[in-house]
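The block underneath contains the structure these notes are about, expressed in structure tokens.
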Amino acid sequence: MAYELPPLPYDYNALEPHIDEQTMRIHHDKHHNAYVTKANDALKDHADFAKLSVEDLLRGIDKLPDSIRTALRNNAGGHSNHSIFWKIMKPGGGGKPSGDLAKAIDSTFGSFDAFKEKLTAAAAGQFGSGWGWLTVDKGGKLQVAGYPNQDSPYMQNLTPLVGVDVWEHAYYLKYQNRRPDYLNAWWNVINWDEVAKRFAAAK
Ligand code: MN
């Protein structure tokens, strides 16, 4: 079962003015599509690994043959990361989480604002291409970290909850070198309902 490019759950221009239509078109149709194509290409002679979900494949990244491990770290990682990214954004998003997720954020980071500052700093400070992630481990512990390239939290047996893409392809057309401005705007499109669903499912 080859991976497939999931459709965006909203229009390309739906996240304007925070994320512009042209960036969304290129990011989804070209960049994400290329990760899917290259991951499928790496898996074409490996039916045993191709049958796994992308999450299980990434959890078992160390079991992959040397000949395809790097290609899948980058491209199955890219496919998984972007599949999450589109869903944890929505038009009219932003604000704060509620319920169990809000409680976990408060007890881990002290406050929502402290969490927001920490994830923003991790994403802003990621040297070169990568992501900022909020993850949860098997024990329910939250953690914020910057990840290089398309490395996936699943590779560390963590469940990704919130990911913010800080590859230049995610913001350069609108924000050029102003990554912090992109990050500030990005908080206006986060879909907390979806993040709360991911948190509940991870438990
Ligand atoms: Mn990207």
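Before moving on, here are some points about what is shown:
- Of all residues making up the stretch 153-169, the number that are within 13 Å of the ligand (Cβ to nearest atom) and in contact with a Lys or Arg (Cβ under 9 Å, 6 or more places away or on another chain): 3
- Matching residues in the stretch 170-181 - criterion: being in a loop (DSSP other than H, G, I, E, B) and either more than 10 Å from the ligand (Cβ to nearest atom) or acidic (D, E) (or both): Q176, N177, R178
- Inter-residue pairs, beta-carbon under 6 Å, first surrounded by fewer than 17 Cβ atoms within 10 Å (Cβ to Cβ) and in the stretch 58-81, second in a helix (DSSP H, G or I), 6+ apart: A71/A42
Residues checked against (1) more than 22 Å from V54 (Cα to Cα); (2) of a type in the set (V, I, T):
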{"residue": "G92", "(1), (2)": "yes, no"}
{"residue": "I105", "(1), (2)": "yes, yes"}
{"residue": "A114", "(1), (2)": "yes, no"}
{"residue": "G130", "(1), (2)": "no, no"}
{"residue": "K141", "(1), (2)": "yes, no"}
{"residue": "N157", "(1), (2)": "no, no"}
{"residue": "N177", "(1), (2)": "yes, no"}
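- Selection of the stretch 1-51 for residues being within 19 Å of the chain's Cα centre (by Cα) and among the small types (G, A, S) yields A14, A34, A39.
- Selection status of Y171, open to solvent by less than 30 Å² (accessible area, probe 1.4 Å), touching a Pro at 6+ places or on another chain (Cβ under 9 Å) and either modelled with pLDDT of 95 or more or under 17 Å from K87 (Cβ atoms) (or both): no
- Verdict on S107 being assigned to a helix (DSSP H, G or I), within 16 Å of the ligand (Cβ to nearest atom) and among the polar types (S, T, N, Q): no
- Meets criteria (free of Cβ contacts under 8 Å to residues at least 40 places away in the same chain and either within 30 Å of D181 (Cα to Cα) or within 14 Å of the ligand (Cβ to nearest atom) (or both)) for Y35: no
- Output for the stretch 10-36, where each listed residue is open to solvent by 80 Å² or more (accessible area, probe 1.4 Å) and over 15 Å from L173 (Cα atoms): D11
- Single residue of Q143, Q126 found to be part of a strand (DSSP E or B) and touching a residue at least 12 places away in the same chain (Cβ under 8 Å): Q143
- Of all residues in the stretch 38-49, those that are open to solvent by 20 Å² or more (accessible area, probe 1.4 Å) and more than 14 Å from the ligand (Cβ to nearest atom) total 8.
- Residues located in the stretch 4-46, provided they are assigned to a helix (DSSP H, G or I), over 17 Å from V189 (Cα atoms) and in contact with a His (Cβ under 8 Å, 6 or more places away or on another chain): I26, H31, H32, Y35, V36, A39
The values are calculated or read from the model by the stated rules, or taken from the named source; none is laboratory data. Because the structure is a prediction, the values reported are computed rather than measured. Backbone-built Cβ (ideal geometry, glycine too); neighbour counts: all protein chains shown. Just so you know, the surface numbers come from the protein's heavy atoms only, side chains and all, with ligands and any DNA or RNA stripped out. Shrake-Rupley method; radii C 1.70, N 1.55, O 1.52, S 1.80 Å.
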